[in-house]
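The values are calculated or read from the model by the stated rules, or taken from the named source; none is laboratory data. This one's a predicted model, so the numbers in the text were calculated from it and none came from an experiment. Neighbour counts run over all protein chains shown; Cβ positions are idealised from the backbone, glycine included. We work out accessible area using only protein heavy atoms, side chains counted, and drop any ligands, DNA or RNA first. Shrake-Rupley method; radii C 1.70, N 1.55, O 1.52, S 1.80 Å.
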Number of protein chains: 4
Amino acid sequence: MPRMKAAIFVEPGRIVLDEKPIPDIGPLDALIRITTTTICGTDIHILKGEYPVARGLTIGHEPVGVIEKLGSAVQGYREGQRVIAGAITPSGHSAACLCGCHSQDGAGTRHGWKPMGGWRFGNTIDGCQAEFVRVPDAMTNLAPVPDGLTDEQVLMCPDIMSTGFSGAESGRIRIGDTVAVFAQGPIGLCATAGARLIGATTIIAVESVPKRMEMARRMGADHVVDFTKADPVEEIRRLTDGRGVDVSIEALGRQETFEASLRVLRPGGTLSSLGVYSSDLKIPLDGFMAGLGDHTIRTTLCPGGKERMRRLMEVIASGRVDTRPLVTHRFKLDQIEEAYDLFGHQRDGVLKVAITP
Amino acid sequence: MPRMKAAIFVEPGRIVLDEKPIPDIGPLDALIRITTTTICGTDIHILKGEYPVARGLTIGHEPVGVIEKLGSAVQGYREGQRVIAGAITPSGHSAACLCGCHSQDGAGTRHGWKPMGGWRFGNTIDGCQAEFVRVPDAMTNLAPVPDGLTDEQVLMCPDIMSTGFSGAESGRIRIGDTVAVFAQGPIGLCATAGARLIGATTIIAVESVPKRMEMARRMGADHVVDFTKADPVEEIRRLTDGRGVDVSIEALGRQETFEASLRVLRPGGTLSSLGVYSSDLKIPLDGFMAGLGDHTIRTTLCPGGKERMRRLMEVIASGRVDTRPLVTHRFKLDQIEEAYDLFGHQRDGVLKVAITP
Amino acid sequence: MPRMKAAIFVEPGRIVLDEKPIPDIGPLDALIRITTTTICGTDIHILKGEYPVARGLTIGHEPVGVIEKLGSAVQGYREGQRVIAGAITPSGHSAACLCGCHSQDGAGTRHGWKPMGGWRFGNTIDGCQAEFVRVPDAMTNLAPVPDGLTDEQVLMCPDIMSTGFSGAESGRIRIGDTVAVFAQGPIGLCATAGARLIGATTIIAVESVPKRMEMARRMGADHVVDFTKADPVEEIRRLTDGRGVDVSIEALGRQETFEASLRVLRPGGTLSSLGVYSSDLKIPLDGFMAGLGDHTIRTTLCPGGKERMRRLMEVIASGRVDTRPLVTHRFKLDQIEEAYDLFGHQRDGVLKVAITP
Amino acid sequence: MPRMKAAIFVEPGRIVLDEKPIPDIGPLDALIRITTTTICGTDIHILKGEYPVARGLTIGHEPVGVIEKLGSAVQGYREGQRVIAGAITPSGHSAACLCGCHSQDGAGTRHGWKPMGGWRFGNTIDGCQAEFVRVPDAMTNLAPVPDGLTDEQVLMCPDIMSTGFSGAESGRIRIGDTVAVFAQGPIGLCATAGARLIGATTIIAVESVPKRMEMARRMGADHVVDFTKADPVEEIRRLTDGRGVDVSIEALGRQETFEASLRVLRPGGTLSSLGVYSSDLKIPLDGFMAGLGDHTIRTTLCPGGKERMRRLMEVIASGRVDTRPLVTHRFKLDQIEEAYDLFGHQRDGVLKVAITP
């Protein structure tokens, strides 16, 4: 049985590069030989034991690669084709999918819904920080990479770009809207780029790390508020002449940013939440206008599926958005533990790393 | 200067019937002679001092009456016409109105938005628990009552029915949806009726007062869960075969109902909140699926304006919904202090009272 | 090779009952033993040669039956289970499906879209007017029938009810809306029922056959206009006090009904078209307000998939709508040519027939 | 009675500069001293007698100016303020407005709806190709011009930009969409800019005038198809690899462009129509997929009101879109007949003219 290298969760605090068998595939699956992948903030949560996964699991949910082998029932693809798959790999046939809520795919459950059920790579099945990965429901999930796009150009599509853009989309941004984006890590930066892409007219980013503040402007922010120098709620009130923003995007996952996202909203505004929270949240009575402010709070899990991937790659191909500046460091798969160390401690101005087997 | 009787907020704990001048009207206003009105749960909050209003203010925001006099710039109406106006009286010309968010009307502010700015009667201007009321922006707000409908038939339109129905509408209910409605007071009952009206296929009401449980069935509930006999979250999970509901409607304004409304949602579901809260709210991490459940939480303030009123009266006229059973007690305006006492203490199975000057 | 009886398209003018092999199934398919099915107006178009299909094809797209055999990759079902499948059987994994437009499924095409691609039964693959039918993409399409519902209760779900309801849904009906439904054949009757179900407040049906006019009232129409006795456009203008309707539903597929559907709309209204047209259509300049009326014209092909079927069966199970009165005649499969004759000529007040093998 | 110069419709074929009294204003009106205005394609229809207006009417619906006088009931503005008003001036209080359909404002009608009722300037009341104009319902319609924006920068907001952008908005464009825009006159160019602004990923413009083709690229088109050199339907099919476009925008008002806009749509796509048609339209059976293609055809009349204007000016102020290149010629009001001659005959590469009293 041929073996491969893979980054494996051993126990809280330890993800190590080890060997395991190359995956078998079923009739609906595909085997992908990974050419480039990356590490996500969620993987750091897994590493720290804050998000539980099975011991021995291969981590990683952002695959770029080449089709090595196709399941017997898979049609429409050929071996050797360059592809990506989303971090979320819906089945296409669950009740959730048929309701258009693919991320909450519950294929196999009695009723067809499962919280975060579409997130399988590096969560409920082996992920892609490895030489090979099995992609389930390949016909729903494999998206061919257009000629002329490099691995690094499409590396953000599976998760960061899809998630960040969805923050803007879930905000139902309209022409003329003012949008605040809290935190400018990779997801917040993509939310900024997404808000710009779909017509936000004034974008206010909130961040304090100088390099991220600079990148926020590059991704489309009109104003960048340093929350260490001014209260961002007051500053945003000032910038909007007292009105507040139409849409705020939370891209960190903390009480203070959630609460500020609510407080800066005008009545009738939408809080689009992307953060992964790790404790109960408090909704302040005044920020919520006692429940009478016609507010919407919407959370969005990264949209996946091959059509989403195709669309995001079109955005890249058309030159509308360029996510390459987000890739600040590059490692071989053999060096992945080093990459985890750098990324996990946010050293050296890291935004995203590229890992190549 | 001719005088009239009016229910006036004197201080926390005291709303009394007193005399004050019949209101003057400006060019865009109308003077309405009240023929029937009612008391709202919000008025009880005012009475108790939980919601602050100016001392001396006339209370009440649910007017049925006859046009006594029209402002010089008002066109399209005639004196003597029977009309209602919504509890919320938007101007029609603020930025909020032009964005379709009439309840948050900010006419007169720099930017055109104001939290709850559309709620004026018995809040920022004199209300309608009186012999006469001044209706501002009359052309936006006066809705003629169709012949053949009695005062009591349309008495719920200005607030209870508009609010309750909006709870269903904000839930974006689709054919085949299962909907839970927490609390079956007058607003919850109208939310139940509204959910039924727009296609909810299974409606689960949560309540414990027997008369309200019975009324919930009459208004369209398929199941009524007595929360004193079973944990409603578990019971709703059981009734939905483990899936949860597509939409939940909170119609009370308390932490426990808010939290239960979230916990019973399927991933991707919507919590439509109608309650007026009186303290910070907690979002439980698990019920919120750590922010990854594709949830929507939406609050809605009672939609007003003459077109909304016309539509609701059409619902009554067509026989689709009958809100008369909600009127359980009747008083003269002279007896309004007695009515407040009964309604405020929810004695004698009261749901809503009709007050006639 | 075991054989079965099936209604086969031989040539324009001839659909005959003949024998053919029981279908083989692939890994994603299921074989269903039909217990009840019906004939659709579209089948009559096929019979007459107005809609071309391959000679030798088994006709029929409204299956009720029992799972006889499951493909090797199908999970979540068991043999012997009672099921239905929609007339439209999307794959779940095409670009169209992933965009939420399952009816236009283009699985197998280069780009994932195909006009009417989701309609396979009795169109591009063998249908269900037979003893057995192969259901493709079984996990996307098989919907278990709840205990307690008879075959005839769910017989309208696969097509007529799904299509008719979608006419109302595509109209984006709101509380207080007035809706006109042109033609009260089976689909128009279900559009009437659907409009009622989702909150249309005044429903005006247009028809001339007395039995259908009567059934229209039973399905929820408030007014029925006999177009042989009055011009329906004028009559609807009169009934709406000159305003026109908010939504009109075309359920016949002819120029005159399409045109009238447009002419009765208020500015800003929506024409929801369900008809299958057989020639170019004319949009009258005045009815279209020269393109300046903020009109929407939307066509909808029958929504399919197991979740849609589950939802429709819930509507039946909850007692919200009862489609049994639409089944006016019953035949054995052996008598299907007789059934075609009766149904094709609309004799004896036929609305829908039930066919039982 | 003081008099002013105004461009007046005398009879078909003749719009002349003449003198008439400066308008009186009512309590809800404002008098604006025009500083810049322009001529619209619609005005040419009026000139030619193709669109009927009253003889003696002042033409023009795109005002930039200064508040000269405010009606007695108008609040929130001051004399001397620089403002614009939209081409469409809704009342804010009609049923149409309260339904969010401001362009079809029917203030004064029995039911509150009127086809194109929001279009008043130069249609049902005197327009703004004059030294002064009366703005009705001033509080709904006057939008202050931000400091730092010149008249010419905001001159396209009242009509061309609002209309063009609405073509994109009515198409409900999503990230990754391919959009075709038929005709690149001023409105088509703004539709192209609007599609780009809200996230269209591939934009295909259809035009044949070289200068307009070049401007199309400048406004955001990725491809420009010269319909005199290739069949645009075939060319767009080729560019989209056979799939068709997600959204097409018709910006001319002719049968051939309407028909092509439909033919290039993928199933499930949306035809957003901006053109003003002058004869019945034909919907080709095949392009319409016999009514089974899940198509949407939506027409949009220029959105107006002060909030729309504010939003468009924000787009200009933020640098997102620059419409100045559309102003190709400048005239004094005294030369307006000359301007009509140039613009009406599309001489000298004219796109839009600026007229300054």
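Numbers below:
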{"quantity": "Wholly enclosed helices (runs of 4 or more DSSP H) of the range D:82-177 bearing at least 1 residues touching a Gly at 6+ places or on another chain (Cβ under 6 Å)", "calculated": "D:95-98, D:138-141, D:162-170"}
{"quantity": "Every pair of residues 6+ apart whose Cβ atoms lie under 6 Å, when the first sits in the range B:169-181 and is within 11 Å of chain C (Cβ to nearest Cβ) and farther than 16 Å from C:Ala168 by Cα while the second is of a type outside the set (Asp, Glu) and open to solvent by 10 Å² or more (accessible area, probe 1.4 Å)", "calculated": "B:Thr178/B:Thr202; B:Thr178/B:Thr240"}
{"quantity": "Test: D:Glu214 is more than 25 Å from D:Leu312 (Cβ to Cβ), in a helix (DSSP H, G or I) and either among the polar types (S, T, N, Q) or open to solvent by 20 Å² or more (accessible area, probe 1.4 Å) (or both)", "calculated": "no"}
{"quantity": "Unmet requirement for B:Arg110, which otherwise passes all of (1) open to solvent by 10 Å² or more (accessible area, probe 1.4 Å); (2) touching an Asp or Glu at 6+ places or on another chain (Cβ under 9 Å); (3) more than 14 Å from chain D (Cβ to nearest Cβ)", "calculated": "(3)"}
{"quantity": "Selection from the range C:1-26 of residues that are touching a Leu at 6+ places or on another chain (Cβ under 9 Å) and open to solvent by 50 Å² or more (accessible area, probe 1.4 Å)", "calculated": "C:Lys5, C:Pro12, C:Gly13, C:Arg14, C:Asp24"}
{"quantity": "Pairs, first hydroxyl-bearing (Ser, Thr, Tyr) in the range B:308-323, second assigned to a loop (DSSP other than H, G, I, E, B) and surrounded by fewer than 23 Cβ atoms within 10 Å (Cβ to Cβ), C-beta under 8 Å, six or more apart", "calculated": "B:Ser318/C:Asp222"}
{"quantity": "In the range C:130-174, residue nearest to C:Pro63 (Cα to Cα) [restricted to those that are of a type in the set (A, V, I, L, M) and open to solvent by 10 Å² or more (accessible area, probe 1.4 Å)]", "calculated": "C:Val145"}
{"quantity": "Lone qualifier among C:Ala251, C:Ala221 - being within 12 Å of chain B (Cβ to nearest Cβ), touching a residue at least 24 places away in the same chain (Cβ under 8 Å), in contact with a Ser or Thr (Cβ under 9 Å, 6 or more places away or on another chain) and buried (at least 24 other Cβ atoms within 10 Å of the Cβ)", "calculated": "C:Ala221"}
{"quantity": "Condition check for C:Gln75: over 14 Å from C:Val135 (Cβ atoms), within 13 Å of another protein chain (Cβ to nearest Cβ) and surrounded by fewer than 17 Cβ atoms within 10 Å (Cβ to Cβ)", "calculated": "yes"}
{"quantity": "Count of residues meeting criterion [within 13 Å of chain C (Cβ to nearest Cβ), open to solvent by 30 Å² or more (accessible area, probe 1.4 Å) and in a loop (DSSP other than H, G, I, E, B)] in the range D:224-241", "calculated": "1"}
{"quantity": "Residue in the range D:197-214 that is in contact (Cβ under 8 Å) with a residue 40 or more places away in the chain and closer than 17 Å to D:Arg320 by Cα present", "calculated": "yes"}
{"quantity": "From A:Lys282, A:Lys306, residue being open to solvent by 10 Å² or more (accessible area, probe 1.4 Å) and either facing chain B (nearest Cβ under 7 Å) or touching a Cys at 6+ places or on another chain (Cβ under 6 Å) (or both)", "calculated": "A:Lys282"}
{"quantity": "Residues (among the small types (Gly, Ala, Ser) and open to solvent by 10 Å² or more (accessible area, probe 1.4 Å)) located in the range A:261-275", "calculated": "A:Gly268"}
{"quantity": "Count - residues of the range B:322-346 that are more than 15 Å from B:Leu47 (Cβ to Cβ) and not polar (S, T, N, Q)", "calculated": "11"}
{"quantity": "Filtered residues of the range B:154-169 (kept if more than 10 Å from the chain's Cα centre (by Cα) and within 14 Å of B:Val83 (Cβ to Cβ))", "calculated": "B:Val154, B:Leu155"}
{"quantity": "The lone exception for C:Trp119 - which of (1) away from chain A (no Cβ under 11 Å); (2) over 23 Å from C:Val64 (Cα atoms) it fails", "calculated": "(2)"}
{"quantity": "Residue match in the range B:49-61 (condition: away from chain D (no Cβ under 14 Å), farther than 23 Å from B:Leu149 by Cβ, part of a strand (DSSP E or B) and modelled with pLDDT of 95 or more)", "calculated": "yes"}
{"quantity": "Residue count for the range C:191-211, restricted to those that are farther than 19 Å from B:Ala200 by Cβ and either under 15 Å from the mean Cα position of the chain (by Cα) or not assigned by TED's automatic domain parsing to the domain that holds C:Gly253 (or both)", "calculated": "2"}
{"quantity": "Unique residue being at pLDDT below 95 and outside any strand (DSSP E or B) when the list is D:Ser261, D:Ser278", "calculated": "D:Ser278"}
{"quantity": "Check on C:Ile34, of a type in the set (A, V, I, L, M, F, W, C), surrounded by 21 or more Cβ atoms within 10 Å (Cβ to Cβ), away from chain A (no Cβ under 14 Å) and closer than 29 Å to C:Ala251 by Cβ", "calculated": "yes"}
{"quantity": "Residue match in the range D:42-57 (condition: within 17 Å of D:Gly118 (Cα to Cα), open to solvent by less than 10 Å² (accessible area, probe 1.4 Å) and under 21 Å from the mean Cα position of the chain (by Cα))", "calculated": "yes"}
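Okay, residues lined up against (1) among the basic types (Lys, Arg); (2) facing another protein chain (nearest Cβ under 7 Å):
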| site | (1), (2) |
| --- | --- |
| B:Arg263 | yes, no |
| B:Leu274 | no, no |
| B:Ala290 | no, yes |
| B:Arg311 | yes, yes |
| B:Ala317 | no, no |
| B:Phe331 | no, no |
| B:Leu342 | no, no |
| B:Lys352 | yes, no |
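Residue-by-condition table, conditions (1) closer than 30 Å to C:Arg238 by Cβ; (2) open to solvent by 10 Å² or more (accessible area, probe 1.4 Å):
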{"position": "D:Ile84", "(1), (2)": "no, no"}
{"position": "D:Ile88", "(1), (2)": "yes, no"}
{"position": "D:His102", "(1), (2)": "yes, yes"}
{"position": "D:Met116", "(1), (2)": "yes, yes"}
